[in-house]
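A short reminder: the numbers here are calculations on the coordinates, not readings from a lab. Being a predicted model, the structure only gives us computed values, none of them experimental. Cβ placement follows ideal geometry from the backbone for every residue including glycine, while neighbour counts extend to all protein chains displayed.
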Amino acid sequence: MLTALIRRAIQAIFVILAMTVIVFIGINVIGNPVDILINPDLNQAERARVVEHLGLDLPLWQQYLHFLQGLLHGDFGDSFVYNRPALGVIMERFPATLELALSAMFIAIVVGLPLGLYAGLYPERLSSRLIMSGSILGFSLPTFWVGLMFILLFAVQLGWLPSNGRGETVGFLGAGWSFLTRDGLAHLFLPALNLALFKTSLVLRLTRAGVQEVLPQDFIKFARAKGLQEHRVVLVHLMKNLMIPVVTILGLEFGSLIAFSVVTESIFGWPGMGKLIIDSINLLDRPVIVAYLMMMVVLFVMLNFIIDIAYTLLDPRVRLDGGN
Amino acid sequence: MDSKLADNTALAGLSADVEAPLQPRLGPALKRYFSSPAALFGAIGLVVIVCIAIFAPWISPQDPYDLNQLDILDSRLPPGSESMTGVPYYLGTDGQGRDILSGIMYGLRTSLLVGIASALTAAFLGTSVGLLAAYVGGRLESLIMRLVDLQLSFPTILMALMILAILGNGVMNVIIAIIIAEWATYARTARGTALVEREKEFIEAARCLRLPARRILLRHLLPNCLAPIIVIATMQVARAIGLEATLSFLGLGASVTEPSLGMLISNGYQYLLSGLYWISFFPGIALLITIISINLVGDRLRDVLNPRNAR
């Protein structure tokens, strides 16, 4: 078990290293950093001095080592737009994205789980069929268009909810949070709902599939034969066996929530990392782009690592070392 | 219903003992396909959409790229109004006085082109790699599959963002980004199917005949792995169209001069808050109908092409 764990950890580190090479080569070789980094009005001598200062005259492998060294110190250079360290600029935006993603996850579970349970327990009812058709819509509707329609309906036509920004925030644990104020919650609701749409359908379908898989099994029949009350059978025996796939998939999907917040944040003007990266790509703010990409790579590799371990702990049938 | 079921079992019984490679029986498959009203709807929708995209220059009321036909005085007209010269704008006009209906017709071309080109190329690349992995095995296989796993652990939109951040904006780069983001799905499916098919007798027979590897791969293995790949490719066209629209909306995709549906929606975004809903709304509906039609077709294809369901 331990050796398998260490092997996985080493693999994870190799993956991160490989991604640094890809990002480095992508940004530095395919795009020309000299054109991006240096003011075109400078004369030849000044240009040469800046090139030397930035280390762009060194051979590529030395530049890469330099880049790697900075990376280990969390140093990606200063943002061209904000003139502050790129990683700091991103970390400032992180709480906003985290809040949005967690809220979306919350909505997905609170809405998706009961509906999926219902659709799985009573598959023949008309309402179950409606729920299932609705979940197909949740999968195929383009998120950004739904977001726009939310704004049109709730913000413009009905005027119930604001459509832009985070609203009033309250400082807590060194960061501002919207969900602690009334105004902030009103601002949070639409973007969170928008981001949750896809995941709600996913949770719903997973839960329904899980119910239909677990329900015909012997231990459920036994629990019923024992005369247990129906709600106990469903809430304890069924739910327990249902939760393993749902929880692991949700863990996996959390990363994708953070990635997809790019779209939602851009629509609702939510000042998180996603909006930052889109702005940075449009402004060619290279240090921020690199920092964001590397952060995402590390995040996803770690998530996958954790999920691998979680699988083994939750389900003894899965072993990292292939059952030896 | 019952007689059809009996028919199918009879057919299955006939072919079961020879274990022949799946021969496409077009007639019954088509009949099965159209027995579902949703699939019929999807197929009709798809044909209409493709026809509109192909014939856009001849049927659209206006050429949205021809600046001579645009009049700024006609801008932001609501649906159903008429232009200064009396031409009706059924779906209204946008900020430049462009007819929304014509914009959608032309936008469909870009969207479909990106969707189909990227899905087909990704299918070709992914399938080749996957088949190769399954057939060759060994180190190459584990290397390829590691790469596939790695890639599938990142969300598509993140991969696309990464690639566009490196390559820059533009339609061609969006196509490349979608191909790179999606090939792994095909590779995994192709390998999975090929691993099962590889063990069957007809491949063994082909090997005993000392047929060259290339011939076995292309003439025996590939045709029998195609069914799931066709299904995925269909769905993937819809995903690619959605992804392209999303990227264009974020300002990373198609150019302003040849707007895709996503670009049209994005153009209307700034007018949305003033209540001019039609600039974003109608292109969105067109996008929606496109994606749902393709998904309905793909869903039905999966049921029809799956040999398990045919029995």
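What to note about this one:
- Over all other residues within a Cβ to Cβ distance under 10 Å of B:Gly126, the charged ones net out to +1, with Lys and Arg as +1 and Asp and Glu as -1.
- Structural descriptor for the stretch B:181-247: relative contact order 38 percent, calculated from alpha carbon pairs under 8 angstrom and at least 6 residues apart.
- Extension gain for the segment A:Met302 to A:Leu126, taken as residue separation times 0.36 nm less the Cα-Cα distance, is 59.1 nm to one decimal.
- P(r) tail, the stretch B:175-311: Cα-Cα pairs separated by more than 25 Å, 47% of all pairs.
- Alpha-carbon centroid distance for the pair the stretch B:188-239 / the stretch B:112-177, whole angstrom: 19
- When the alpha carbon coordinates of the stretch B:91-162 are projected onto the principal axes, the ranges are 61, 22, 14 Å, largest first.
- Within-11-Å neighbourhood charge of A:Tyr118 [Cβ basis; K, R +1; D, E -1]: +2
- Overall, the ratio between the Cα radius of gyration of the stretch A:93-285 and 2.2 N^0.38 Å, rounded to two decimals, is 1.19.
- Extreme residue, positive dipole direction of the stretch A:93-285, given options A:His237, A:Ile109, A:Gly251 (C-beta unit charges): A:His237
- For chain A, the longest piece that avoids every one of the trypsin sites (Lys or Arg not before Pro) found in DSSP loops with at most 14 other C-beta atoms within 10 Å covers A:1-124.
- Using a simple spin-label model with pseudo-atoms 7 Å out from Cα toward Cβ, A:Leu235 and A:Leu153 lie 3.2 nm apart.
- On the beta carbon distance between A:Trp61 and B:Arg146, with R0 = 30 Å, the FRET formula returns roughly 0.75.
- If you count Lys pairs in the stretch A:93-285 whose Cα atoms are under 29 Å apart, skipping same-chain pairs closer than 8 places in sequence, the total is 4.
- Each principal axis of the stretch A:87-142 carries a Cα extent, and these read 54, 22, 11 Å when sorted largest first.
- √(5λ) per eigenvalue of the Cα gyration tensor, chain A, largest first, Å: 44, 28, 15
- All other residues whose Cβ lies under 13 angstrom from that of A:Glu253 are scored, Lys and Arg at +1 and Asp and Glu at -1, for a net of +2.
- A:His53 versus A:Ala4: modelled label distance in nm, points set 7 Å from Cα along the beta carbon direction: 5.4
- Relative contact order computed over chain A (Cα-Cα under 8 Å; 6+ residues apart), in percent: 26
- On Cα atoms only, tilt of A:182-214 relative to the major axis of chain A in degrees: 50
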